[in-house]
1. I'd like the residue in region 313-338 that is under 22 Å from the mean Cα position of the chain (by Cα) and under 23 Å from residue 112 (Cα atoms) and, out of all such residues, is surrounded by the fewest Cβ atoms within 10 Å (Cβ to Cβ).
2. Where in region 1-84 are there helices (runs of 4 or more DSSP H), lying wholly inside it, with at least 2 residues that are among the hydroxyl-bearing types (Ser, Thr, Tyr)?
3. Which condition number does residue 264 fail, the rest of (1) near the ligand (Cβ under 10 Å from one of its atoms); (2) at pLDDT 90 or above; (3) open to solvent by less than 10 Å² (accessible area, probe 1.4 Å); (4) over 17 Å from the mean Cα position of the chain (by Cα) being met?
4. Restricting attention to region 294-340, and to residues there that are within 23 Å of residue 95 (Cα to Cα) and not in a helix (DSSP H, G or I), which single residue is nearest to the ligand (Cβ to nearest atom)?
5. Can you spot a residue in region 186-193 that is in a helix (DSSP H, G or I), at negative phi and of a type outside the set (S, T, N, Q)?
6. Name the single residue that is nearest to the ligand (Cβ to nearest atom) among those in region 88-127 being open to solvent by 20 Å² or more (accessible area, probe 1.4 Å) and of a type in the set (Ser, Thr, Tyr).
7. When you go through 130, 31 one by one, which is the residue that is open to solvent by 40 Å² or more (accessible area, probe 1.4 Å), basic (Lys, Arg) and under 27 Å from residue 305 (Cα atoms)?
8. Right, residue 85: free of Cβ contacts under 8 Å to residues at least 60 places away in the same chain, away from the ligand (no atom under 14 Å from the Cβ) and open to solvent by less than 70 Å² (accessible area, probe 1.4 Å) or not?
Amino acid sequence: MCAMQKNTKPCYYGEYLYLDRFLDSQHPVSKQYQEKEAHDEMLFIIVHQAYELWFKQILHELNSILTDFDEPILSTNSYGRIIQRLTRINEIQKLLNQQIGILETMTPLDFLDFRDYLVPASGFQSIQFKEIEILLGLKMEYRINFDKKSFYNRLNDTDREHLIELEKSPSLFEQLESWLERMPFLEKENFSFLEAYQNAVNTMLDNDLSIVKNNDYLSDADQDFQIKDLEKTRRQFDALFDQETFNQLAKDGHFRMSQKSLLGAIFINLYRDEPAFQQPYQLIEKLIDIDEEFTQWRYRHTVMVHRMLGTKIGTGGSSGHDYLRQTTQNNRFFRDLFNISTFLIPRSSLPTLPPHITDAMGLKSE
Ligand code: HEM
């Protein structure tokens with residue numbers, strides 16, 4: 001690598017940041033239609049522009065993460081970089097969530113001073129937002145029904161073609177799934193994690209059942225209730241252990257990830273105290289943080305829209321608040337990672353890993 005050069009031309013703050021262009025990019029449309037500019041339109045524009053700038057930074061991080069994650073084997077360095085950049089995205093998201101509060105200092109009546117001039121523009125047309133969604137894994141087939149076509153119909157040809165092309169590239173969700181499927185140690189020599197885990201789960205559930213059955217302090221009705229609850233838990237685990245049941249539930253939308261990758265994620269979660277799994281565990285945690293923060297944004301935006309518009313339809317033609325409420329509930333990226341908690345068992349019931357597995361992980365069991 002050659003040494004870094006010195007700059008030959010003095011750098012000037014405003015030129016470096018292109019402030020002349022940047023600060024000349026706020027043009028309230030109300031000025032064109034009425035004598036006096038609507039005061040709050042400046043805030044509306046600046047808040048949206050601030051969002052778009054941060055979206056650009058998120059995409060910058062996301063694209064580099066996708067490149068790193070594409071490697072068949074991740075080095076400690078790539079793990080470090082991916083986790084650090086996911087953390088950065090997550091910190092930006094926290095800031096983005098707070099910006100809603102700034103916009104809410106504009107009252108619904110202030111908004112009406114210029115809202116009608118914006119038709120048919122809408123957040124639907126934020127290409128960077130849709131790029132982030134698609135690259136994280138929200139491709140067409142996973143969107144709620146109205147959303148599948150709705151925003152595509154409101155884009156110009158160039159933007160639409162660009163997003164449709166982007167749908168073809170691997171998303172973070174897809175990369176996550178194949179990384180988890182490649183997880184070593186699930187099956188090695190005579191050890192099968194699935195078998196060992198299934199035994200541990202059965203022992204745990206049998207114990208729980210005998211505790212309930214032998215508890216003299218429970219009424220018959222309570223006992224019945226708890227036994228039914230345990231049966232339900234057992235059925236959930238059965239779905240995890242049985243490929244066919246799993247496939248059926250996946251078809252009905254209960255799982256999006258493959259059974260193998262879900263097991264890989266569970267394995268990492270269960271043995272996350274082992275040094276070899278600390279980075280993979282942090283990576284999974286960060287993805288959960290990002291999904292959670294995204295959902296928080298959707299929720300805050302939905303509530304803000306309700307406050308601003310009541311039940312009026314959106315400028316983009318959706319049902320407004322109601323449509324956004326549904327996207328908050330359903331347009332998730334890593335729902336499977338949240339559902340892992342269903343399948344965790346206490347550390348005390350965990351199967352001990354045989355020495356050849358811990359040796360293969362380069363670890364010494366305590
Ligand atoms: C007064 C403030 C706002 C109102 C009343 C509002 C209203 C709406 C409505 C009604 C929709 C649904 C689509 C439609 O029919 O138009 C929508 C979508 C959207 N808005 Fe806003 N919005 C506001 C501020 C913002 C801000 C500050 C951002 C930041 C970028 C934003 C980003 C989006 C995005 C990305 C969508 C598409 C969401 C999706 O399809 O899942 N909005 N907005």
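1. Pass one, region 313-338, residues under 22 Å from the mean Cα position of the chain (by Cα): 321-338.
After this cut, where a residue has to be under 23 Å from residue 112 (Cα atoms) as well, the list is 321-325.
Values: 321: 21, 322: 15, 323: 21, 324: 22, 325: 17.
In this case the residue turns out to be 322.
2. Numbers: elements: 13-16, 19-22, 30-33, 41-69.
It comes to 13-16, 30-33, 41-69.
3. Result: residue 264 fails condition (1) only.
4. Out of the qualifying residues, it is 331.
5. Start the filter on region 186-193 by keeping residues that are in a helix (DSSP H, G or I), which leaves 193.
Okay, now just the ones that are also at negative phi, so 193.
Next, only the ones that are of a type outside the set (S, T, N, Q) stay: 193.
Yes, some residue in region 186-193 is in a helix (DSSP H, G or I), at negative phi and of a type outside the set (S, T, N, Q).
6. This residue is 122.
7. Numbers: 130 fails: open to solvent by 40 Å² or more (accessible area, probe 1.4 Å).
The match here is 31.
8. Values: free of Cβ contacts under 8 Å to residues at least 60 places away in the same chain: yes; away from the ligand (no atom under 14 Å from the Cβ): yes; open to solvent by less than 70 Å² (accessible area, probe 1.4 Å): yes.
Answer is yes for this residue.
The values are calculated or read from the model by the stated rules, or taken from the named source; none is laboratory data. None of these values were measured; they are calculated from a predicted model. All Cβ positions, glycine included, derive from the backbone under ideal geometry; neighbour counts span all protein chains shown. These accessible areas exclude ligands, DNA and RNA; they are computed on the full protein's heavy atoms, side chains included. Shrake-Rupley method; radii C 1.70, N 1.55, O 1.52, S 1.80 Å.
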